[in-house]
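> Here it is: the structure, laid out below.
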Amino acid sequence: MRLPILALALTLPAAAMAQDAMMNVTYACANDRVLEASFINSGDESFAVIYEAGALVPMQIAESASGARYLSADEGLELWTKGPEATLTLLGDNETVLYRDCAEVPVDTAAG
């Protein structure tokens, strides 16, 4: 999935592509689920791109009290990261955690 995520990341606003930092992260989550995300941080702008339900989903940083919180454009998905942990939630009337108890997979074992 990393290549398509990178391709979508390249379509983000030009300000994001000044590319102070770009990082691909794989998370191992509960129920043997895997969440892949690419994070792009540039100046005051931060973005995440995930692959969910067969589609690439670009997300932009949102206000949070702790950690980093990203929302999809329709504000239907929320990615919350704190240190090496992450959670992906479907927002709305019936809020549903899609990926829970996610822990970052170290780079040396992610490729294996």
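> Counting only the backbone N, which residues of the range 56-78 are under 19 Å from the spot 7 Å out from the Cα of R100 toward its beta-carbon?
Zone members listed by number: 77-78.
> What is the extension gain from E45 to V107, computed as 0.36 nm multiplied by their sequence separation minus the C-alpha to C-alpha distance, in nm to one decimal?
Working: separation 62, 0.36 × 62 = 22.32 nm, distance 2.47 nm.
Extending this stretch completely gives an extra 19.9 nm.
> Heavy-atom accessible area per residue, the range 37-105, 1.4 Å probe: how many Å²?
Value returned for the range 37-105: 53 Å² of accessible area per residue.
> Still on this structure, I have one more. Excluding C102 itself, calculate the net charge of residues whose Cβ lies under 14 Å from the Cβ of C102, where each Lys or Arg counts +1 and each Asp or Glu counts -1.
Result for the neighbourhood of C102: -4.
The values are calculated or read from the model by the stated rules, or taken from the named source; none is laboratory data. It should be emphasised that the depicted structure is a prediction, and the values quoted were computed from it without experimental measurement. Neighbour counts are summed over all protein chains in view; Cβ atoms, including those assigned to glycine, are modelled from backbone coordinates with ideal geometry. Areas reflect the complete protein model, heavy atoms only, side chains present, ligands, DNA and RNA absent. Shrake-Rupley method; radii C 1.70, N 1.55, O 1.52, S 1.80 Å.
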